[in-house]
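Chemist: Here it is, the structure, as structure tokens.
Laboratory data are not the source of any read-out in this text; all were calculated from the coordinates shown. Quantities reported herein were computed from a predicted structural model and do not represent experimental measurements. Cβ atoms come from the backbone with ideal geometry, glycine included; neighbour counts cover every protein chain shown.
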Amino acid sequence: MKKILSVIILLTILTSCLVGPRYSRPAMQANTAYTGGDSTVAVSTVVLDSSAIKDSLALIAWTEVYKDPELTNLIQTVLKSNLDLLSAISRVEEARATYGISKAGMYPSFNYNVKAGINDLGDNAQRAGVGINKQVYSGLATMSWEIDLFGKLRHQKRSDWAQFLSSENNAQAVRVSLIAETATLYFNLRNEDHRLEIAKNTVQSRTESLKMISERFSKGYVSELDKLQAEQQLALAQAVIPNAEAQIIQAQNALRVLTGQAPGPIKRGSDIYSQNLPPVIPAGIPSDLLQRRPDIIAAEQTLIAQTEQIGVATAMRFPSLNLTGLFGVATPQLSSIVDPASLAFGIGGNLVGPIFEFGKNKNRVEAQKFRTQQYCYQYQATVLNAFSEVDNALASIRLNEQEHEAYLTALTAASKAFVLTQRRYDDGYSDYIELLNQQDNLFSAQINESATQTQQNIAVVNLFKALGGGWNAK
């Protein structure tokens, strides 16, 4: 018992050594100021911790952001069937299995070896060195165990765990991106539907106008120039229809690709004016929301995984200790297999370490350090890009709202101006050129107002994505 305790204590002391660096989060800018809101909002340095990983899924409240039933059904289909997402989920499972391999490597491995054989060689064959006449019957259980003296296995296990967390959050980032992309395409599709409706209504209006001008021309009340201008205006409106239809087909097919389906139609729900998006946008974005961005978490976990690889490379410069053992029976005759004399037992240790390898081990460590530095820069760039995306999204929401209000005012004015000009033309107080100008102004105002309304919807989508999948607007 004393010997066993001594071995346990010795192994505990030996495995307490852990070479290689400890991970520390890279220093970032002390403060970040958002200019996207009504006033500049100061946000403290982003701080990431393990709780952010646990809570990241709770932030995905896309069903609270998008209320259109057809859009929510579409997003659900995408999350179930998108091939890129299925591939990302498969990578998560691969990383989980890889971590399982590393974890198992910390413990002994047990195997069995059952052998039965017989050699029957002639005298010449034996003199030639082929072998000797013998019978062998054995059944052995074997054990091998690499003692983690300097932390090589522990570093590898930690690296694989961090890589698993990275792949898990990368998959979450794919989910967020797909939700946002689906909503963006859907809003663009509904805008093209509205643009097509505007074009068809304009064609109908201009067809009636051309009919009236043609009748007046036939009676000599107006010149042929008015008739030609009316035909031109009708043709320009007609040209918008096939363009809008082409954009609709492209948007539908893009959505079908996201759902993993062949080209085809997409069901519509609410129009661009009835999306019922959250009316309250947070004026100040607390930094802890950015901590939940899965791409930031994934970038840091990748950096942690790579930092652990420095420890793996450093540990390879020191000796490694392997223990082996066997227990079982072995005998030249099958009849004596249960004889106590056939019992076989053995245990041994093997200490192996480098002496001189012309700098290979040193350069291996240096290579891992420089690779870690690259991932550090990538992590810092990811954080800065996240702050930039939030600021851009906030600014877009505020400025798009102002732009839409301006175009809505222009549309109201253009509608009234067209009605008044039409009456003046019918009464002979305005020429046809003035009426055509008002027709163009109204058509452009309708298209611009529709586009800016769509951009407002998409700006909410961009903020949803920038915040890692949602926000708490309280």
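Chemist: Given the peptides 415-425, 389-399, arrange them by the average over their residues of other C-beta atoms within 10 Å, most packed first.
Modeler: Values: 415-425: 15.2, 389-399: 19.4.
Ranked by mean Cβ neighbours within 10 Å, highest first: 389-399, 415-425.
Chemist: Let me know the charge dipole size of region 334-378 about its Cα centre in debye, to the nearest 20, where only the beta-carbon of Lys, Arg (+1) and Asp, Glu (-1) is charged. Don't skip to the end; give the middle numbers.
Modeler: Working: 5 positive and 3 negative charges, 93 e Å.
Dipole size: approximately 440 debye.
Chemist: Kindly rank 123-136, 316-329, 260-273, 430-443 from highest to lowest mean number of other beta carbons found within 10 Å of each residue.
Modeler: Values: 123-136: 10.7, 316-329: 15.8, 260-273: 13.3, 430-443: 17.9.
Most protected by this proxy first, the peptides run 430-443, 316-329, 260-273, 123-136.
Chemist: To continue, here is another question. Ratio to report: Rg/Rh of the chain, with Cα atoms as the point set and Rh obtained by the Kirkwood method; give two decimals. Numbers along the way, then the final one.
Modeler: Working: Rg = 37.0 Å, Rh = 29.4 Å.
Answer for the chain: 1.26.
Chemist: Please work out the Cα center distance from region 183-240 to region 391-461, rounded to the nearest Å.
Modeler: Rounded to whole Å, the Cα centres lie 17 Å apart.
Chemist: Here's something else I'd like to know. Pairs K152/K362; K103/K369; K200/K416; K219/K416; K211/K267: which exceed 27 Å Cα-Cα?
Modeler: On the way: K152/K362 15 Å; K103/K369 24 Å; K200/K416 20 Å; K219/K416 30 Å; K211/K267 37 Å.
Where the Cα-Cα span goes over 27 Å, the pairs concerned are K219/K416; K211/K267.
Chemist: Compute the acute angle (0 to 90°) between the alpha-carbon long axis of helix 2-14 and the principal axis of greatest extent of the alpha-carbon atoms of the chain; round to the nearest 10°.
Modeler: Helix 2-14 sits at roughly 40 degrees to that axis.
Chemist: Based on the mean of other Cβ atoms within 10 Å per residue, sort peptides 335-347, 207-219 so the most packed one is first.
Modeler: 207-219, 335-347
Chemist: Taking +1 at the Cβ of each Lys and Arg and -1 at the Cβ of each Asp and Glu, which of P294, S336, F356 sits farthest along the dipole of region 291-365 towards its positive end, judged by Cα position relative to the Cα centre?
Modeler: Going by the Cα projections, it comes out as P294.
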